[in-house]
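Novice: First the structure, which I've put down as structure tokens, then a few questions once you've had a look.
The values are calculated or read from the model by the stated rules, or taken from the named source; none is laboratory data. Nothing here was measured: the structure is a model prediction, and the numbers come from that model. Cβ: placed from backbone, ideal geometry, glycine included. Neighbour counts: every protein chain shown.
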Amino acid sequence: MDVTLFSAVESFLDHLRAERAASVHTIAAYRRDLQKLLDHLKSDIPAASLDKPRLQIFLIDLVKTGLKPSSQSRCVACLKSFGKFLASHGMAEKNPAQGLRFPKKEQQLFAVAGEELLTASLEPSSDMDPFIDQRDRLCMELCYGSGLRLAELIGLKWGDFIQGGSMVRVLGKGNKTRVVPVTRGSRDALDSYRKVCSDRGFSPRGPLLLNHKGMPLGRRTVQRAVEARLQAQGRKGKSSPHVLRHSFATHLLDHGADLLAVKEMLGHSSLSTTQKYTHVSVKRLKEIISVKHPRG
């Protein structure tokens, strides 16, 4: 009669106590790990039926629970030791945990908003004060159209727009200055914002972005404005200015932009940082293939 996995676990723990002189803490930890395996399998299968694919699926599910790296390593050590025990005691033909590794957690992809949602969020709103509306639209346009960081955005001055407003000089991380293109949408938004500033008697000199009192705009005000405009169009996920920057890079790459050019516009010092956006674009390409290709 085949030994059940539950019985094999108890025999293994007894073996650790009697023959391996394992510590109480190690035995308790191994018991917890193996109990998780039993709970995962949902039935007491024969020990001989335990195989590597089952163990790999178990580990993948554990990754999703956010298990600490130290606990991951211990769990793999436990399964390898248990598998070796099964094989050496004739409960399995071979060690089912041979070569088992904890799967790497999938790289967290950047949060990106859809192109249609962003286009809708950039439309003027008749329900808002014209000054606030045009200012917030300009913030959105510059983050999405030029890939600006929040700190770079609120640090802009009117005089930073050069070459007839087609380029903007940006002070980035490490006090490094770069010059990036200004989209047609951003130029239109800038013209509209200039007009409402004039209507309020605000001078087109000094800081670009102002609050309703004519004082420099704060970070939190921009964050709230971006969040409100994105969520008003149905955005459910993260809705920050940095999402607009991520969307800028991802949409450029989706449409065939050169990676080095995107790197320069983002102000990255290393190409490897920019390459992270290619993971998002590759994911998008896979989605397109699966939906659009006749054999997807």
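Novice: If you check R224, R220, R200, R205, which single one turns out to be surrounded by fewer than 20 Cβ atoms within 10 Å (Cβ to Cβ), within 15 Å of E152 (Cα to Cα) and assigned by TED's automatic domain parsing to the domain that holds F161?
Specialist: Details: R224 fails: within 15 Å of E152 (Cα to Cα); R200 fails: within 15 Å of E152 (Cα to Cα); R205 fails: within 15 Å of E152 (Cα to Cα).
None of the other options fit; the residue is R220.
Novice: Next question. Would you be able to tell me the number of residues in segment 148-189 that are surrounded by 14 or more Cβ atoms within 10 Å (Cβ to Cβ), under 31 Å from the mean Cα position of the chain (by Cα) and part of a helix (DSSP H, G or I)?
Specialist: Selection size over segment 148-189: 8.
Novice: On the phi < 0 side of the Ramachandran plot and at pLDDT 75 or above: is that true of K283 in this structure?
Specialist: Values: on the phi < 0 side of the Ramachandran plot: yes; at pLDDT 75 or above: no.
So K283 fails the test.
Novice: To continue, here is another question. Could you tell me which residue of segment 31-69 is nearest to the chain's Cα centre (by Cα), considering only residues that are part of a helix (DSSP H, G or I), of a type in the set (S, T, N, Q) and within 18 Å of V9 (Cβ to Cβ)? Quick ask: steps written out before the conclusion?
Specialist: Of the residues in segment 31-69, the ones part of a helix (DSSP H, G or I) are 31-41, 47-49, 52-64, 69.
Adding the requirement that they be of a type in the set (S, T, N, Q) leaves 35, 49, 56.
From what's left, within 18 Å of V9 (Cβ to Cβ): 35, 49.
Details: Q35: 32, S49: 38 Å.
Only one residue fits best here, namely Q35.
Yes/no per residue for (1) hydrophobic (A, V, I, L, M, F, W, C); (2) touching a Pro at 6+ places or on another chain (Cβ under 8 Å):
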residue: I132; (1), (2): yes, no
residue: C143; (1), (2): yes, yes
residue: L150; (1), (2): yes, yes
residue: G159; (1), (2): no, no
residue: G164; (1), (2): no, no
residue: M167; (1), (2): yes, yes
residue: G174; (1), (2): no, no
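Novice: Out of the residues in segment 42-89 meeting the condition of being exposed (fewer than 14 other Cβ atoms within 10 Å of the Cβ) and among the β-branched types (V, I, T), tell me which one is modelled with the highest pLDDT.
Specialist: Across segment 42-89, the extreme among qualifying residues is I57.
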